[in-house]
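The values are calculated or read from the model by the stated rules, or taken from the named source; none is laboratory data. Here the structure is a predicted model, which is why all the values come from computation and not from measurement. All Cβ positions, glycine included, derive from the backbone under ideal geometry; neighbour counts span all protein chains shown. Accessible surface areas use protein heavy atoms only, side chains included; no ligands, DNA or RNA. Shrake-Rupley method; radii C 1.70, N 1.55, O 1.52, S 1.80 Å.
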Amino acid sequence: MEQKGLVLINTGTGKGKTTAALGTAVRAWGDGQRVLILQFIKGAWKYGELKAIETLGKADGRIEIRPMGDGFVFHNKKDPDNEERLAEKKELARKAWDMVKEEVMSDRWDLVVLDEVNYAIHFGMLDTSEVADLIKARPSRLNMILTGRYAPQELIDLADTVTEMTLIKHAFQKGIRARRGIEF
């Protein structure tokens, strides 16, 4: 009997949304599942998680990570070049979304992680209803994890499990810069 796939959302102001999703991805890979991680915003940096997942993927091809963005999105209305940069990022997100739809509907994966998709929705790069429609149309056995702040209520309502990471305290608030291997 085929099991119904689950939809999980990691959201909130605290750290650990992507890290928790990647931990689940590694767990699924370790259990013999095929895993695809699609990252909407990340893309410009080389960071520890990317190297680790790429190494696992080389071992047997059952896990893959694809950074599809070009870095962080800052919407600064005072910046005269802001609208042009935001339009470029929207175009990247649109191309990424076409790939997401194709991969989700391919039925090749057991778990698909849509990392930072909630940010892409929040910044107007994707429409909530498009994401909701894909979740509803996905192969029934497919598990999905959606990450990023600002998870829309429509997606929360569709999800089976929603975890909100809450910021209590952060080293950055004391002027301590992010540490390689710990925060990226």
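Could you count how many residues in region 24-55 are modelled with pLDDT of 95 or more and open to solvent by 20 Å² or more (accessible area, probe 1.4 Å)?
9
Of all residues in region 143-160, which are under 18 Å from residue 116 (Cβ atoms) and open to solvent by 60 Å² or more (accessible area, probe 1.4 Å)?
Across region 143-160, the qualifying residues are 149, 150, 154.
Could you identify the single residue in 17, 4 that is out of contact with any Pro (no Cβ under 8 Å at 6 or more places or on another chain), surrounded by fewer than 13 Cβ atoms within 10 Å (Cβ to Cβ), modelled with pLDDT of 85 or more and of a type outside the set (Val, Ile, Thr)? It would help to see each step written out before you state the result.
Working: 17 fails: surrounded by fewer than 13 Cβ atoms within 10 Å (Cβ to Cβ).
Only one candidate passes the filter, namely 4.
Of all residues in region 173-184 being of a type outside the set (D, E, K, R) and surrounded by 11 or more Cβ atoms within 10 Å (Cβ to Cβ), which is nearest to residue 35 (Cα to Cα)?
Checked region 173-184; the qualifying residue nearest to residue 35 (Cα to Cα) is 184.
For residue 107, only one of the following conditions fails: (1) open to solvent by less than 70 Å² (accessible area, probe 1.4 Å); (2) charged (D, E, K, R); (3) modelled with pLDDT of 95 or more. What is its number?
Going through (1) open to solvent by less than 70 Å² (accessible area, probe 1.4 Å); (2) charged (D, E, K, R); (3) modelled with pLDDT of 95 or more one by one, residue 107 breaks only (1).
If I go through region 122-139 residue by residue, how many of them are under 11 Å from residue 151 (Cα atoms) and modelled with pLDDT under 95?
Matching residues across region 122-139 total 1.
In region 69-82, is there at least one residue being at pLDDT below 90, more than 15 Å from the chain's Cα centre (by Cα) and not in a loop (DSSP other than H, G, I, E, B)?
Within region 69-82, one or more residues are at pLDDT below 90, more than 15 Å from the chain's Cα centre (by Cα) and not in a loop (DSSP other than H, G, I, E, B).
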